[in-house]
Each structure stands twice: as structure tokens, then as C-alpha cells.
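**Q** What follows is a structure written as C-alpha cells; I'll ask about it next.
Just so you know, all these numbers are worked out from the coordinates, no wet-lab data involved. Bear in mind that the values here come from a model prediction, so they are computed numbers and not experimental data. When we count neighbours, we look across all protein chains shown, and the Cβ atoms used for this are built from the backbone with ideal geometry, even at glycine.
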Amino acid sequence: MNKIDINTKLNEIPFIKIISELAKREGVKIYLVGGFVRDLILNRQRNDIDILVIGNGPDFAEKSAKELEVNNLVLYKNFGTAHFTFDDYDVEFVGARKESYDRKSRNPVVENGTFEDDINRRDFTINTIAISINDEDFGLVIDRFNGIQDIKDKIIRTPIDPLITFNDDPLRILRAFRFASQLQFEVHDSVMIAANQLRERLKIISQERITDELLKILESSKPSVGLKLLFISGVLEIIFPEIHQLAGVEQRKDYHHKDVFFHTCEVVDNVSSKTDNIWLRFAALVHDIAKPNTKKFIDGIGWTFHGHEEIGARMIKNIFKKYKLPFHKIEYVEKLVRLHLRPIALASEEVTDSAIRRLIVQAGDKLDDLITLCRADITSKNIQKVEKYLENYDLVMRRVKEVEEKDKLRSFQSPVRGDEIMKVCNIPPGKKVGLIKADIEEAILDGLIPNTYEAAFEYLLKIKNKYLNSDI
Ligand code: CTP
């Protein structure tokens, strides 16, 4: 991007000229820095802008807010930063700083610094580029560490020795892999080596920040880039051992079973090519999580993983707790893991309506996502096999549509509700009511009676004495 292009882009931002003039009046130097500059050069649209102030950041932010008549300024005086929004832009001001670090903590000892001090302490060369928005050299690009060349070469490297960069802030190890995954860049060997050497340092980082980076990798268009870097560097073993353990499933010549970790990477990429739904992507990441625990070799058959879908589903709650993921997504991920083998088992013309009905009811409104996961789970390199398996899912979905049309099942519940069962049977709330309701639902699912109120009511009258006369 040349100077004219940069100036054009800067002039599109409504407040830049105004704060540039303010800086001149105040005798302060200001620069655009960080992700905004990186993405400007990459031609990626973004609305959060970091402004480096050589001097007091919050002070200049306050004056800018006044000048722009902004009233949502938030000052973080302890951190020397301040933030406001203007039009669609998130604007962050930071005073130039020099940082030194304590080995045990991620929190730096911060002192005021020069422009150079500030740029030198940044994480990757692609993030060290600054653009002056000062009157005398407006639009001048300052690239002390050849960041522009590294953007062109698509490479992530640190401006100084990566051992120092990562030791200062170990979260940067994950940021390296996250940027590689988001931007489809390579990671320099020196970064990989330092990441491996310092991976234990990640233990001082809060789980929330680690999870945040992991989810950003999953949000990228090809998450396997980041996942494989995590694995190869040995970092995955520290931050997500359950996924690390998927690697290295033993293979026997005749029963060539794919390595579960690399298979999982492919499944995550396949899902990601179909959807931005991060929880569906996460379900893909963990769908085989119980394979290492259930792995068994059976002569004549090969490696088996009996029950891994159920055991995997039962692991999900703890995974969510451990990795501080949002609890309201547990049920969704559990369900997809639990059911991920079910549809393929139903891929035959001979399968009964009742088996299809059970799938519809159990998957509920997650059925379409489940099928997306199942399709993504086919990672065979044999194109004919892949086509055959995909056809099987088409067949299952055709049957699903037929059965759904027949009895409108997606949001299934017994047409006779608990209250009515209590009234008809003259019984108080309790276990019997649930059993009778479940019996009616089973009868519908098995196709014994149609999914209508009349049929369910008639069936209730028929079965009620069996329950009333028993002493459950
Ligand atoms: N930075 C750093 N080390 C960190 C975090 C941030 O050196 N651990 C620096 C980098 O120069 C980075 C800038 O601060 O570009 C802004 O950080 P942040 O907003 O977290 O990241 P961005 O690079 O803007 O990227 P994104 O918003 O996509 O995360």
C-alpha cells in the first residue's frame, strides 16, 4: 500500500484530522499502531483503532473526547489507557511505555517510554508498524522491524529474541498461533522453538485468556492451522491435554486407522467450511474426545472405540468447567457428541420409521447441525467412499423429511400433558405421572399410535390401570 492509498484510507476516518490538529496544538506526537495498521496493510476492514500517544495517553484521550464531543470516555489511569467510541469506531489511546517483567507474573512493571521503547516491546513484527498522524509527516509509515515485508511473506516472527518476547508475556505464544490461523500465515522456526521451550509459562495465564485465544483459532476460516501449530509446538499438551491425547492412536498394517488428532483437525475444518457457528466447530473438536479412553484392539476387527460417543458426551460438562466455557452451551455440545454416530447407523432403506422418529426427537432442533457434523466426519481420502457415505446421509435426511411430514415431530412432546394424566387417573404429581407420560411417548415413537391428541388420550385410558394397580 503506497502513501497515497494510506492517506486516502486515513481521510475516510472522520476524526483523524481533528485529533491530528489537536495533537499539534498540544505539542504531543500521536501514531496509529497495532492491529489496525496491520489490517490496513492487509486490506482487512476493522473499526477498532489503537492510538499511541508519546506522553500522557489518558490526558490526550480526555482532550480528544472533549474536542469530538464524545461522552463515553472510559479512563484506565492505572494502565495508562483510555477508550471511547466515535461513530462506528472503537478508539483506544495508550501512552508510550517501557515495560519490564517479573518472572512469576504476567503483569509488567510499566514506566513512561519513548516511541522506540513502545514499539520494541510489541509482540510480532507485523504488529510493530506505526503510521504517523502528526501534521508534519501525516501518513508516514514507520516500520522498524520489516513488518511490511513479513506481511508480504506471510510470516509471524518477533521483533526481538522470541524467548524474551514470550517470557515477558506467555499469552503471546497463543497469539502467534492465533494470528497464523486467522491470517493463514506461517510461524517462523524461532517462534516455534521458543514456544516449545516456554510452554510451561502458559500456566501463569488465566484460563479465560487462554480460552479466548483458543476460540479465536476455532473462529478462523481454517482452524487446523492453529490447532496443528499448538500440537507440533507441544503447547496443546499444556492448554488442552484431552485434545493432545487424540494424537498417536496406534495403527496396525491391515487395519489402517487414522490418527484421531489429525482426523479431528480435518473434521473441524470441514465443519468450518460450512458454518460460522463456533459451538458446532467446538463440538467437532471434541466429538471423539473419549476415543483414547475407549480404544481396544479386537482380533479380526482392528481398533474399536465402543461407547466413545456416550463417554465423550459425559466428559463435556467437566471440559466446559475446566476451560471456563459458557455453561448454556453444554447441552448443545453434549447432544452432538452423543449422537454423532447415530445417523449413519440409520442409513438403510430397511430402517423403521420408529428408529428415524427417535433420531428426530432426540436431536430436536439440533438435527441439521448434527448432520453437518456427521458429513464433516467423513475424512476418507477415497473419493468413491466419501460419495457413498454422503449419499447415506442424504438417504437418512430423506427419511427424516418423510417421517416429519407424516407426523410433525421436531418439537415432540406427548399430546396428553401431565396435568391431564393426573386428572384422569386421579393421582397427585409424582413418579407415576412421568411413567405414564413416557409410555404414551414411546407408543408414538414406536408407531403404535399416531401423534394425535385423540389417539394418545385413548391410549392413556387403555394403559392407566396397569400403573394405578402397581405399587411403584
Ligand atoms: N500487543 C502485544 N502483546 C500482547 C498484546 C498486544 O505486544 N500480548 C500489542 C501488539 O502490538 C498488538 C497491539 O498491542 O498489535 C494491540 O493488541 P490487541 O488489540 O490485543 O491485538 P491486535 O493486534 O489489535 O489484534 P486483534 O484485535 O485482532 O486481537
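**Q** Could you give the size of the charge dipole of the chain about its Cα centre, using +1 on the Cβ of each K and R and -1 on the Cβ of each D and E, expressed in debye and rounded to the nearest 20?
**A** Using only the charged Cβ atoms, the result is roughly 1280 debye.
**Q** On to the next question. Counting pairs of alpha carbon atoms under 8 Å apart in space and at least six apart in sequence, what relative contact order in percent does segment 276-407 give? All intermediate terms of the calculation are to be shown ahead of the outcome.
**A** Working: 127 pairs, mean separation 29.7, N = 132.
About 23 percent, as a whole number.
**Q** Quick check: convex hull over the Cα atoms of the chain, volume per residue in Å³, rounded to an integer?
**A** On the way: hull volume 105.0 nm³, N = 472.
In the chain, the Cα hull volume divided by residue count equals 222 Å³.
**Q** Give me 165, 352 ranked fewest to most by other Cβ atoms within 10 Å of their Cβ, as a rough exposure proxy.
**A** On the way: 165 23, 352 13.
Final ranking by Cβ density, sparse to dense: 352, 165.
**Q** Follow-up. Apply the Karplus curve 6.51 cos²θ - 1.76 cosθ + 1.60, θ = phi - 60°, to the phi angles in segment 313-326 and return the couplings in whole Hz, x for Gly and Pro.
**A** 4, 6, 7, 4, 4, 5, 4, 5, 5, 4, 9, 6, 9, x
**Q** Treat each spin label as a single point 7 Å out from the Cα along the C-beta direction, and report the residue 276 to residue 406 distance in nm.
**A** Computed distance between label sites residue 276 and residue 406 equals 3.9 nm.
**Q** While we're here: Quick check: the distance between the Cα centres of segment 363-400 and segment 22-96, to the nearest angstrom?
**A** Taking the Cα centre of segment 22-96 as reference, the centre of segment 363-400 is 49 Å away.
**Q** If you don't mind, there's one more thing I want to ask. For the Cα atoms of the chain, what angle does the longest principal axis make with the long axis of helix 330-339, in degrees from 0 to 90, nearest 10?
**A** Around 50 degrees separate the two axes.
**Q** Hey, how many Å between the Cα centroid of segment 314-344 and the Cα centroid of segment 166-203?
**A** Taking the Cα centre of each part, segment 314-344 and segment 166-203 sit 28 Å apart.
**Q** Whats the longest run of the chain with zero GluC sites (Glu not before Pro) that are DSSP loop and have at most 15 other Cβ atoms within 10 Å?
**A** Working: sites that count: 69, 250, 349, 350.
That gives 70-249 as the longest site-free run.
**Q** Shifting gears a bit: For segment 178-195, in order, what is each residue's ³J(HN,Hα) by Karplus, 6.51 cos²θ - 1.76 cosθ + 1.60 with θ = phi - 60°, in whole Hz (x at glycine and Pro)?
**A** Taking θ as phi minus 60°, the curve returns 5, 5, 4, 6, 5, 9, 6, 9, 8, 10, 4, 3, 4, 6, 4, 5, 5, 4 Hz for segment 178-195.
**Q** Relative to the longest principal Cα axis of the chain, at what angle does helix 57-67 sit, 0 to 90 degrees, rounded to 10?
**A** Tilt of helix 57-67: around 90 degrees.
**Q** Just the Cα atoms of segment 3-151, one point each, no solvent: what log10 I(q)/I(0) does Debye give at q = 0.13, 0.15, 0.22 Å⁻¹?
**A** Cα-only, vacuum Debye calculation for segment 3-151: -0.56, -0.75, -1.58.
**Q** Still on this model: Quick one: net charge of residue 304's neighbours, Cβ under 9 Å, K/R +1, D/E -1? The partial results should precede the final answer.
**A** Details: positive: 295, 296; negative: none.
Its environment carries a net charge of +2.
**Q** Between residue 331 and residue 387, take the C-beta separation as r, use R0 = 45 Å, and let me know the FRET efficiency to the nearest 0.05.
**A** On the way: r = 34 Å, r/R0 = 0.74.
Computed FRET efficiency for residue 331 and residue 387 comes out at 0.85.
**Q** If each of residue 449 and residue 20 carries a label point 7 Å out from its Cα toward its Cβ, how far apart are those two points in nm?
**A** Modelled inter-label distance: 7.8 nm.
**Q** What number, rounded to the nearest 500 deg cm²/dmol, is the helix-based mean residue ellipticity at 222 nm of the chain, given -39500 (n - 2.57) per DSSP H run of at least four residues and division by all its residues? Write out the running numbers ahead of the final one.
**A** Numbers: 25 runs with 253 residues, N = 472.
Computed mean residue ellipticity for the chain: -16000 deg cm²/dmol.
**Q** Roughly what % of DSSP beta bridges within the chain run antiparallel, to the nearest 5? Before the final figure, lay out the partial values.
**A** Details: 26 of 34 bridges.
Counting only bridges with both partners in the chain, antiparallel ones make up about 75 percent.
**Q** Oh, and also: Which residue, chosen from 307, 83, 241, occupies the Cα position most advanced towards the positive end of the dipole of the chain, where the dipole is computed from +1 (Lys, Arg) and -1 (Asp, Glu) charges on Cβ about the Cα centre?
**A** Highest projection toward the positive end goes to 307.
**Q** Grab the Cα-Cα distance for residue 247 and residue 397, subtract it from 0.36 nm times how many residues apart they are, and report the gain in nm with one decimal.
**A** Values: separation 150, 0.36 × 150 = 54.00 nm, distance 3.24 nm.
Roughly 50.8 nm would be gained on extension.
**Q** In degrees from 0 to 90, rounded to the nearest 10, what is the angle of the helix 383-407 Cα long axis to the longest principal axis of the chain?
**A** 60
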